[in-house]
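The values are calculated or read from the model by the stated rules, or taken from the named source; none is laboratory data. In this text the structure is predicted, and so the values were computed from the model without any measurement. Backbone-built Cβ (ideal geometry, glycine too); neighbour counts: all protein chains shown. Accessible surface areas use protein heavy atoms only, side chains included; no ligands, DNA or RNA. Shrake-Rupley method; radii C 1.70, N 1.55, O 1.52, S 1.80 Å.
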Amino acid sequence: MDKNTAVRNLGIGLAVIGIILLVGYAFYNILTMESNLILKLSLAAIILGIIIALLSLIKERIGTNDTEIERKY
């Protein structure tokens, strides 16, 4: 692994951690504020649905291999 790849991976990792912390903080604030229970449950369902969909897409992308056949001449 060269230096550029390590720095890029570090940057992506920090961005992902920041997004996770921000979503977690927003999720916590939504659940602790005084509002209608239906509002809380619907927002929680939307956030969890987005997270599940993203994790499913990431898992699918990691699991697929390049199926292109190399031509040998």
> Tell me, what is the 1.4 Å probe accessible area of VAL16, in Å² to the nearest 10?
Replying inline: 70 Å²
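What does the accessible area per residue of the chain come to in Å², with a 1.4 Å probe and no ligands, DNA or RNA counted?
Numbers: 6950 Å² over 73 residues.
Normalised by residue count, the accessible surface of the chain is 95 Å².
Under the 0.36 nm per residue contour assumption, what length would be gained going from the current alpha-carbon distance of LEU14 and ILE46 to full extension?
On the way: separation 32, 0.36 × 32 = 11.52 nm, distance 2.43 nm.
Value of the extension gain: 9.1 nm.
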>> When the expected Rg is taken as 2.2 N^0.38 Å, what fraction or multiple of it is the alpha-carbon Rg of the range 1-41?
In response: 1.86
> Considering only LEU37, VAL23, GLY63, whose Cα is most displaced toward the positive end of the charge dipole of the chain, charges sitting on Cβ of Lys, Arg (+1) and Asp, Glu (-1)?
Replying inline: GLY63
>> Just to be sure I understand: if I project the alpha-carbon convex hull of the chain onto a plane and average over all orientations, what area do I get in nm²?
In response: 7.7 nm²
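May I ask you to give the percent of accessible area on the chain that is carbon plus sulfur, with a probe radius of 1.4 Å? Show your work: numbers first, answer last.
On the way: 4760 of 6950 Å².
On the chain, the fraction of accessible area on carbon and sulfur atoms equals 68 percent.
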